[in-house]
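Below is one structure, written out as structure tokens, with a few remarks after it.
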């Protein structure tokens, strides 16, 4: 369903105003009764609209809905392309290349991403990093971490890995050994299984359509 | 007004309970500042305590003690004013006392887990026992359940006491609806969701709708009671202002939630809705400033409790500047696309929490302290509260300034120029415009700590002079003696 913000905004304000008039039974705007009516009217109106919009948002936020990738996206090449109409980058899913040399079935992929998400929470990653821009700002944003060119150019040779996923896994299992910048990431004692799952979660997240955030990811001025 | 002393009216049981609430709140405030200071120092020297308690540990404790002490202070405020409002002892006070000590014990255990366990294996059991790993809601599920029980008993206390008093005032009605919403919203944050978009969607129902809606209204109720107590503002005036504030807070803040849905994978209509409604969010805060000034001005600042009135007015301004201005600065999607997830959010967070909630709880603490002594000192005043307030405000303004500058630098260098990669992140935090602010942040952190120590000293001593005078008079009247 197409929802436009301006219509919703105008409707919300109009309903709240009319409801206020009804509830305050024509009391003047400087009266106790008027503002009691306004309080009830705005609370009911805005809560109802939030619930209705949340219902539609949930439909669009399902994996495989278009905005959110299916779990099996981890089997594919992922990239970003410039959307000329929206004037921001959108994720593109390329050919099937496998993940750690293997193609995961939908159930296996979901289980792996799930393990990665639980590990992300269990290791309290959000207390230093941000993901989708939310978190603690002490360490890099992870929304598009899978697409970060440093894995290829810097980390892969440093940890001696064959692929990007292997480079990420090896680095995550012992970050203080390969410090980047002056701030270091502690060794969170990730098992190989946990590190692999974490990389799957990060790869899946990199394919979410985030309305262009973070802007111009990994593009220099010349490339824009 | 010359200082006088009065014998204090007998305290209700729930007011005695409130004294514990405030004592624990102020102690937790000290812990919050300590962990904040360590985290600030770790930005200067990332090797400090790196093996033992890295940044993530101190930051977890910093934000969790923040949420807990403020909530404890606000709930304590209700336990303080509720018997005065209803003219009777709080119903179910025994349950309230039991759950309070359960919560205190739980907080201690949780602090131990955060400090010494820190994290767990990537299993669901970790989320139940040690760490849920969602910023502000790091507490494991067993703590969530204890909190829900606490809020449920608190809600029962309020509703049962209101019904028993047979007089439902406008203030009580707002309080009850707000507490129902507050409890219900917390349960929205108690689910595990594999889909990070839905996870954050519901996470904000707790974090935003608590802090920018239900907490603001709870503060409104407590401000209303305090205005009546401190300045003798008529109930009808206070209630009308409260209704106006609730109308505006809920009218703008509920859909203002949309400003958290710009970039998490949710549809594009949230850009317009979130931008529009959150841009209006400062409105109720302006109303609050007008309100406080009108009421204070109308009575020529002739207050019974000077520090409390100071923090009441500071609350109005602090809330408007911290939550309103610093929030508006980055709330439209056109700038938020670049400033989102930078130190600018931390600047807003620090000033907003200080202005809106810390000021409220300190205001309430002074109200309570005045009546905690056996003899009332009227007006309550001292030299030290001014130093405490001055230093803490100076400290938070400095911290916010430092965060704002590093936030702008990060927005510019990491986001706008650098394309938000790992390398761009490092370029931003090593840039002098960012790096130089870290020392300032740490320095102003110490100012806060000094302010806090003076605050504690003042809370322990303010008004005691009156007690001593009355005792001396009593002794003299009795003809003197050795005791």
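Read-outs: derived from the displayed coordinates by stated rules, not from any lab. Since the model is a prediction, treat every value here as computed from it, not as a measurement. Glycine also receives a Cβ, built like all others from the backbone with ideal geometry; neighbour counts cover every protein chain displayed.
Starting from the Cα coordinates of the stretch B:13-167, work out the convex hull volume and express it per residue in Å³.
Working: hull volume 16.0 nm³, N = 155.
With only Cα atoms used, the stretch B:13-167 gives 103 Å³ per residue.
Within 10 Å of each Cβ of B:168-176, how many other protein chain Cβ atoms are there on average? Walk me through the numbers before you get to the answer.
Details: counts 0, 0, 4, 0, 0, 3, 3, 0, 0.
That works out to 1 on average.
How many percent of all Cα-Cα pairs in the stretch B:25-89 sit more than 18 Å apart? Intermediate values should be presented prior to the final figure.
On the way: 1039 of 2080 pairs.
The proportion of pairs with Cα distances above 18 Å equals 50 percent.
Taking all pairs of different Cα atoms in the stretch A:5-119, averaging 1/r and flipping that mean, what Kirkwood radius in angstroms comes out?
On the way: mean 1/r = 0.0542 Å⁻¹.
Hydrodynamic radius (Kirkwood, Cα pairs) of the stretch A:5-119 is 18.4 Å.
What does the structure give for A:147-156 when I average, per residue, the other chain Cβ atoms found within 10 Å of the residue Cβ? Intermediate values should be presented prior to the final figure.
Details: counts 1, 7, 4, 4, 1, 0, 1, 2, 1, 0.
Per-residue shielding by partner chains comes out at 2.
Which order, highest average first, do B:56-62, B:457-463 follow once you tally other Cβ atoms within 10 Å for each residue and take the mean per peptide?
Top of the packing list down: B:56-62, B:457-463.
Could you tell me what % of all Cα pairs in chain B have separations over 42 Å?
On the way: 18928 of 116403 pairs.
Summing the P(r) of chain B above 42 Å gives 16 percent of all pairs.
Counting partner chain Cβ atoms within 10 Å of every residue's Cβ in B:45-56, what's the average? Walk me through the numbers before you get to the answer.
Numbers: counts 1, 6, 3, 0, 0, 4, 3, 0, 1, 8, 9, 13.
Counting Cβ atoms of other protein chains within 10 Å of each residue's Cβ and averaging gives 4.
Once the Cα gyration tensor of the stretch A:5-60 is diagonalised, what are the square roots of 5 times its eigenvalues, in whole Å and ordered largest first, as equivalent ellipsoid semi-axes?
Working: eigenvalues 145, 22, 8 Å².
Semi-axes, largest first: 27, 11, 6 Å.
Highest GNM mean-square fluctuation, chain A, Cα pairs closer than 10 Å: which of A:111, A:27, A:206?
Looking only at A:111, A:27, A:206, the biggest GNM fluctuation is shown by A:27.
Classify the stretch B:361-407 as rounded, prolate or oblate from the Cα gyration tensor: take a ≥ b ≥ c as the square roots of its eigenvalues, call it rounded if a/c is under 1.5, otherwise prolate when a/b beats b/c and oblate if not. Let's see the in-between values first.
Numbers: a/c = 6.03, a/b = 2.93, b/c = 2.06.
Because a/c hits 1.5 or more and a/b exceeds b/c, the stretch B:361-407 counts as prolate.
Please express the Cα-Cα pair-distance distribution P(r) of the stretch A:71-223 as a list of whole percents, one per 10 Å bin, running from 0 to the bin with the greatest distance.
Reading upward from the zero bin: 11, 40, 38, 11, 0.
Quick one: grab Rg to one decimal and Dmax as a whole number for the protein assembly as shown, Cα atoms only, in Å.
26.5, 99
Which angle from 0 to 90°, rounded to the nearest 10, does the C-alpha axis of helix B:343-352 make with the longest principal axis of chain B?
10 degrees
Sort B:119-126, B:321-328 by the packing proxy (mean of other Cβ within 10 Å over each peptide's residues), most packed first. Each step should come with its number before you reach the end.
Values: B:119-126: 18.4, B:321-328: 22.0.
Ranking the peptides B:119-126, B:321-328 by packing returns B:321-328, B:119-126.
Just the number, please: Stokes-Einstein D of the stretch B:273-373 in µm²/s, Kirkwood Rh from C-alpha pairs, 37 °C, 0.692 mPa s.
On the way: Rh = 14.7 Å.
Approximately 224 µm²/s, per Stokes-Einstein.
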